[in-house]
1. So if I place +1 on the C-beta of Lys and Arg and -1 on the C-beta of Asp and Glu, and nothing else carries charge, what would the dipole magnitude of region 32-112 be about its Cα centre? I want it in debye, nearest 20.
2. Explain nothing, just compute: Karplus ³J(HN,Hα) = 6.51 cos²θ - 1.76 cosθ + 1.60, θ = phi - 60°, for every residue of region 171-182 in order, whole Hz, x for Gly and Pro.
3. Roll a 1.4 Å probe over the protein chains and send me the accessible area per residue for region 175-263 in Å².
4. Order Val299, Val141 by their accessible area, 1.4 angstrom probe, all chains in place, largest first.
5. Read phi for every residue in region 209-225 and hand back ³J(HN,Hα) as whole Hz from Karplus 6.51 cos²θ - 1.76 cosθ + 1.60, θ = phi - 60°, with x for Gly and Pro.
6. Work out, in µm²/s and without decimals, the Stokes-Einstein translational diffusion coefficient of region 180-252 at 4 °C, 1.567 mPa s, Rh from Kirkwood over C-alpha pairs.
7. By per-residue mean of other Cβ atoms within 10 Å, what is the highest-first order of 301-307, 232-238, 160-166?
8. Applying the Karplus parametrisation 6.51 cos²θ - 1.76 cosθ + 1.60 with θ = phi - 60° to the phi angles of region 127-136, what ³J(HN,Hα) value in whole Hz is obtained for each residue in order, glycine and proline being reported as x?
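The values are calculated or read from the model by the stated rules, or taken from the named source; none is laboratory data. Worth saying up front: this structure is predicted, and the values here are computed from it rather than measured. Virtual Cβ from ideal backbone geometry, glycine too; neighbours counted across all protein chains shown. The area values use the complete protein model at the heavy-atom level, side chains included, leaving out ligands, DNA and RNA. Shrake-Rupley method; radii C 1.70, N 1.55, O 1.52, S 1.80 Å.
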Amino acid sequence: MARWPWRWRVLLPLLLLHSSPVFAQEGQDNDPSTLFKRASEMMNLRKYDGSLGLLNAVLEVDPNHSEAYRQRASVLRHKCRYKEAEGDYSKYLELKPESSSVEKELSQLLQAQNALESAYGQFESHDFSKVLEYINKIVLVFSPDCLKAKLLKAKALLALEDYSSVISETGFILKEDEDNLDALLLRGRAYYYLADHDVASRHYQKGLRLDPEHSELKKAYFGLKNLLKKTKSAEDNAAKGKLRVSAEDYKAALAMDPDHTSYNVHLYLGLCKVLVKLGRGKEAISSCTEALNIDGELVDALTQRGEAKLLTEDWEGADMGIREALMRAEKQLKLSKRKDWYKILGISKTASAADIKRAYKKLALQWHPDKNVDNREEAENMFREIAAAYEVLGDEDKRVRYDRGEDLDEMNMGGGGGGFNPFGGGGQQYTFHYDGGFHGGGGFPGGGFPGGFQFNFG
């Protein structure tokens, strides 16, 4: 099915609204009170555009409808159309002077307006944390539907390299408007810097289908395409034994985006391997060191750097490097045998705290023993695993330690049950309600929980 041009998809709902039975009916009876009532209902449903259209109709019929001015001012403030909102508040005060509640709303409007201007100023000064402070604590409090503020927030989060939060914030925007080009670009960039290039490319492509001449989307899309093309050339030439050409390709790929560390770590490693084969030890050491500066646990880079040090006759350094690589390899082997809490909750390692809590709630309800009477033993085991995963990932300190690869036993969370009790303490509040209780062994300390337990997500 052919898609409407994006401008028409923005304008069409408003055109349909004005030609809808609601407007036809209200146009016939010209009843401001009915129109105003419908506008209030739509505002309560956060359908601000529809409410705005109805309020415009009210004021066309009755230019002195004070409450319509106030309501419209509120809608405009929510959408951070501050100049128009200020005019409506002023008109209300002309009709009804000395209204303290409206004066308070007007004051809030001015606070939000000044905060948004300050946020833009801080963004230009690269003080991105201050941008978030202005937007979160003031602008979005008084103007919760302010698209400009939401996009600026996402840009600040991107600059702070908080990519999972960018994905989350732009997700909310795209839920309201799936064709928002700025949100598609920002979300694509977040996935790009997480090296999830397929998803990034899909966002860029969707945006370009809506606006093929969008300069930033074109730059992002073709930049990614060229990076992957140059990387493939480097890998193909290395496989064919064209090592010098491969080395130049790797260097060219690295020069395309020096800030793309999550991807460049693999380019540095690939370059290091090629340089080792070429016998260029010093260059190889430098390249492998760059890879290790990004990911200190990269065993392959340690091994290759040890090989490079042999080429430079740094025997002691080579021996230490190889031994360190072996130690890291042993550590990674141990880590590979531990519980993967991210996998248990079905989330990525870049998931936000909100994503983790949401996944936990969903799975805990899904595997609640009350809902799994026919497979209670499996449900109890899954329930225990889910709670254990949240005990680690839902606690920022424990999550950081887990991500660093610290021994789970140090966290009293061992892979095989290490004494964790999802119904006890440990930082998260777990209260469960289960009519039948757990009887018998059940695998829980104390042999069972008679009576019952109830959910209470803290």
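1. On the way: 13 positive and 12 negative charges, 66 e Å.
The calculated dipole for region 32-112 is roughly 320 debye.
2. Result, ordered by residue: x, 5, 5, 5, 5, 7, 9, 5, 9, 5, 5, 5 Hz.
3. Working: 4890 Å² over 89 residues.
Averaged over the residues of region 175-263, the accessible area is 55 Å².
4. Working: Val299 30, Val141 85 Å².
Solvent-accessible surface, decreasing: Val141, Val299.
5. Karplus values, whole Hz, x for Gly and Pro: 5, 7, 9, x, 9, 5, 5, 5, 5, 4, 4, 5, 5, 6, x, 5, 4.
6. On the way: Rh = 13.1 Å.
Estimated diffusion coefficient is 99 µm²/s.
7. Numbers: 301-307: 24.4, 232-238: 17.6, 160-166: 19.6.
So the peptides 301-307, 232-238, 160-166, ranked by packing, come out 301-307, 160-166, 232-238.
8. Those phi angles translate into 9, 6, 5, 5, 4, 4, 5, 4, 5, 6 Hz.
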